[in-house]
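A.B. asks: Let me give you the structure first, and then I'll get to my questions.
The values are calculated or read from the model by the stated rules, or taken from the named source; none is laboratory data. All values derive from a computational prediction rather than experimental measurement. When we count neighbours, we look across all protein chains shown, and the Cβ atoms used for this are built from the backbone with ideal geometry, even at glycine.
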Amino acid sequence: MTSHATPRRGATYELQRGYRLMMVPAILAVGIFAIVPLAGMFGLAFSDYHLIRGTNWDFGFQNFAKMLSDKRLMNSIYVMAALSFFGVALQVLIGSAVAVGLQKITGKWRVGRILFLLPYAVPHVAVALIWLSLFTPTLSPINAFFDLFGITVPAFLTSQWGAITAIVIADTWTNFPFAMLIIMAALQGISPDLEEAAAIDGATRVKTFIYITLPLLAPALLMVTLFRFIDSLKHFPMIFVMTKGGPGRSTQATNFYAYVQTFQNSNVAYGAAIAVMLFLMAALISYYVAKLNQRVTT
Amino acid sequence: MIDNSPEFRVKRGIGLTLMLVLLAFAAVPTLWVLILSFRAPMAIFQPIWESPLALTLDNFFKITRSNFPSALMNSFITAGLSTAFAMIVGVPAGFALAKARLSGKFVASWVLLLLRMAPPVGFVIPLFLLYVNAGLIDTYMGLVFAYMTLTLPLVTWSMWNSFAQVPDELIEAAIMDDANLMQAFLLIALPAARPGAVAAAILAFLVAWNDFFYALIITRSGTATAPVAVMNFISYDSVDWASIAVASIALTLPILPLMAIANRYIVQSLSGAVKG
């Protein structure tokens, strides 16, 4: 950053000091509202804080040692991985398909894209409740519809994979429009000349898509995948509303398990230790995203 | 390109069918909530085609007699306040981060992103213990403070991106003309970045409005926000589906215009990061 007309030295110093002063309130606020709770989380994670059993303030690695042999934690990681993988994959796939499809739709039918965008506007609790109603066999119009043809739709929420599928469907419903929006913007940025040139050179549609369009979409796809993946680590409202972690413990994803340990089992220290693990995962991914974003901000 | 070969028509047919299936996936649940919200209580468990006329407006009147409207008010108050505070503090910081000569900018952007992305369960555990001891459970202040952990990094980060697009020369010219930094910020940079500021405020409001987790832990009946209060329609032995449908609509309608404005910006802010 070089300015063609450099102000005199004292003025520059004044200016840079002014910039720093403007940051002070934010630094204080982030310190109070974010860093203090984070320090608390790390502190608790190494403590033995328990709301019922009592606390001796023994500090050490006991919670992290316990995590290594905790089968419920392992289970929660599998659930989280399944929810993340299938959810993000479906959102990116459906989002891309709709984005490509909508590109071909012109004229007054373009208004129809609102129908695809609407699910993105619905708050997650409402999403969860809507899909809970759709997965309640006595209420659901889907079940009633298939009953007309003598087909009984299985009850999703009473089996492990059924319940995971239900959450993935609800999550996909509300979040594929996010992928769609980003990919639509990226598609608009691709010059049609490139695809035409490929067609003139004798490339088939499939080949054009794989060798021309897809590489140009790759950065957008990566960004969408990363953002959706990070969000999927935070799964909570849908699990809380639709399954309460059940049947049994089969949909207790890690974030939800941390909540259960802290607020239902009163094992605050252990819940905090699990939260630390999730936090470190988020730290890794956000480091990568910050690197990708670095070109813009600096 | 006019192509009427059978092969092309088959492909187009498959594409169109796929789009219609996806449209049904997107639109049926929305349509279903609308129907459910007008369904007469007697007919709620009947398929709509068996009793298409069993519709009523009572569900909408009924919910005004519950505590849900005051919960909506709580949502407005807490989301509005936490957005306002985040803007007051975060917009100048975003400006400074975009324009100051600083080392450690990368770390700052990482921290802001991380705060935005970190699972809230880690924040909520210490906050809950703190609030129990400080008497902040079930207070507006407690919830607004908690939402600041969401809104402030969001506003600062997106304003940083917005101000980065404002040419440095504009600021420098103002400074050369004897404007002080505050004037350059308020009179030059902020108007130039206004669309970004509007979008940042909207995104912050939406994050707080949509929150379920913080409100579940640190509110009780007094300041419960709408996403938490809607759970009251589910009791141990019965579920008031009609009220849930009305409440879901009431949760979504106020933010639809905000979403319409912010959509474009979500794309810009992300594709800005995507461009090489």
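A.B. asks: Pick from segment A:222-239 the residues that are among the aliphatic types (A, V, I, L, M) and within 9 Å of another protein chain (Cβ to nearest Cβ): which of them is nearest to B:Gly122 (Cα to Cα)?
C.D. replies: Taking the candidates together, the pick is A:Leu233.
A.B. asks: Which residue is farthest from A:Ala290 (Cα to Cα), if the candidates are limited to segment B:174-183 and must be crowded, with 16+ Cβ neighbours inside 10 Å and more than 9 Å from chain A (Cβ to nearest Cβ)?
C.D. replies: B:Ala179
A.B. asks: Pick out the one residue from A:Val100, A:Val127, A:Val122 that is surrounded by 14 or more Cβ atoms within 10 Å (Cβ to Cβ), in contact (Cβ under 8 Å) with a residue 12 or more places away in the chain and more than 25 Å from B:Phe212 (Cβ to Cβ).
C.D. replies: Just one listed residue meets the conditions, A:Val100.
A.B. asks: Inspect segment B:146-160 for any residue being within 12 Å of chain A (Cβ to nearest Cβ), outside any helix (DSSP H, G or I) and under 22 Å from the mean Cα position of the chain (by Cα) and give the result as yes or no.
C.D. replies: no
A.B. asks: Now, a different point. Given the condition more than 25 Å from the chain's Cα centre (by Cα), at the interface with chain B (Cβ under 9 Å from one of its Cβ atoms) and among the aliphatic types (A, V, I, L, M), answer yes or no: does some residue in segment A:32-42 qualify?
C.D. replies: yes
A.B. asks: Same structure again: How many residues are farther than 23 Å from A:Gln160 by Cβ and either of a type in the set (Asp, Glu) or more than 8 Å from chain B (Cβ to nearest Cβ) (or both) if we restrict to segment A:248-276?
C.D. replies: Count: 5.
A.B. asks: Is it the case that segment B:19-28 has a residue that's within 31 Å of the chain's Cα centre (by Cα) and under 30 Å from B:Leu150 (Cα atoms)?
C.D. replies: Yes, some residue in segment B:19-28 is within 31 Å of the chain's Cα centre (by Cα) and under 30 Å from B:Leu150 (Cα atoms).
Okay, residues lined up against (1) assigned to a helix (DSSP H, G or I); (2) in contact (Cβ under 8 Å) with a residue 24 or more places away in the chain; (3) not polar (S, T, N, Q):
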| position | (1), (2), (3) |
| --- | --- |
| B:Val10 | yes, no, yes |
| B:Met19 | yes, no, yes |
| B:Leu23 | yes, no, yes |
| B:Leu34 | yes, yes, yes |
| B:Ser37 | yes, yes, no |
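A.B. asks: Further question: Have a look at A:Gln16, A:Gln91 and point out the one that is at pLDDT below 95 and in contact with a Lys or Arg (Cβ under 7 Å, 6 or more places away or on another chain).
C.D. replies: Going through A:Gln16, A:Gln91 in turn, the sole match is A:Gln16.
A.B. asks: Residues that are more than 16 Å from B:Trp157 (Cα to Cα) and among the β-branched types (Val, Ile, Thr), at least 2 per element: which helices (runs of 4 or more DSSP H) completely within segment B:186-275 meet that?
C.D. replies: B:213-218, B:241-252
A.B. asks: Another question, then. Based on this model, can you work out whether A:Gly246 counts as crowded, with 24+ Cβ neighbours inside 10 Å and touching a residue at least 12 places away in the same chain (Cβ under 8 Å)?
C.D. replies: Criteria not met by A:Gly246.
A.B. asks: Can you pull out the helices (runs of 4 or more DSSP H) entirely within segment A:188-255 that have at least 3 residues that are in contact with a helix residue (DSSP H, G or I) (Cβ under 7 Å, 6 or more places away or on another chain) and over 23 Å from B:Phe212 (Cβ atoms)?
C.D. replies: In segment A:188-255, A:192-200, A:214-232 are the helices (runs of 4 or more DSSP H) which contain 3 or more residues that are in contact with a helix residue (DSSP H, G or I) (Cβ under 7 Å, 6 or more places away or on another chain) and over 23 Å from B:Phe212 (Cβ atoms).
A.B. asks: If you go through segment A:169-178 one residue at a time, do you hit one that is more than 8 Å from chain B (Cβ to nearest Cβ), buried (at least 20 other Cβ atoms within 10 Å of the Cβ), touching a Gly at 6+ places or on another chain (Cβ under 9 Å) and of a type in the set (S, T, N, Q)?
C.D. replies: Yes, some residue in segment A:169-178 is more than 8 Å from chain B (Cβ to nearest Cβ), buried (at least 20 other Cβ atoms within 10 Å of the Cβ), touching a Gly at 6+ places or on another chain (Cβ under 9 Å) and of a type in the set (S, T, N, Q).
A.B. asks: Could I ask something else about it? From B:Thr223, B:Thr252, which residue is in contact (Cβ under 8 Å) with a residue 24 or more places away in the chain and on the phi < 0 side of the Ramachandran plot?
C.D. replies: B:Thr223
A.B. asks: Next question, about the same structure. Scan segment B:62-82 and report the pairs whose first residue is in the same structural domain as B:Pro227 (by TED's automatic domain parsing) and whose second residue is surrounded by fewer than 19 Cβ atoms within 10 Å (Cβ to Cβ), with Cβ atoms within less than 7 Å and a gap of 6+ or a chain change.
C.D. replies: Qualifying pairs under 7 Å: B:Ile77/B:Tyr140; B:Thr78/B:Tyr140.
A.B. asks: Now for a separate question. I'm trying to understand the selection: among the residues of segment B:161-173, which are away from every other protein chain (no Cβ under 11 Å) and either part of a helix (DSSP H, G or I) or farther than 13 Å from B:Phe95 by Cα (or both)?
C.D. replies: Within segment B:161-173, just B:Leu170 meets the criteria.
A.B. asks: Among the residues of segment A:101-116, is any under 20 Å from the mean Cα position of the chain (by Cα) and within 7 Å of chain B (Cβ to nearest Cβ)?
C.D. replies: Looking for residues that are under 20 Å from the mean Cα position of the chain (by Cα) and within 7 Å of chain B (Cβ to nearest Cβ), one finds at least one in segment A:101-116, hence yes.
A.B. asks: Filter segment B:83-110 down to residues that are without any contact (Cβ under 8 Å) to a residue 12 or more places away in the chain and closer than 30 Å to A:Ala272 by Cβ and give me whichever is nearest to the other protein chains (Cβ to nearest Cβ).
C.D. replies: B:Trp110
A.B. asks: Further question on the same structure: Taking into account only those residues within segment B:121-144 that are at the interface with chain A (Cβ under 7 Å from one of its Cβ atoms) and touching a residue at least 24 places away in the same chain (Cβ under 8 Å), which is nearest to B:Leu190 (Cα to Cα)?
C.D. replies: Ranking the qualifying residues of segment B:121-144, first place goes to B:Phe123.
A.B. asks: It is to be established whether one or more residues within segment B:73-83 are hydrophobic (A, V, I, L, M, F, W, C), crowded, with 21+ Cβ neighbours inside 10 Å and in a helix (DSSP H, G or I).
C.D. replies: Checking segment B:73-83: at least one residue is hydrophobic (A, V, I, L, M, F, W, C), crowded, with 21+ Cβ neighbours inside 10 Å and in a helix (DSSP H, G or I).
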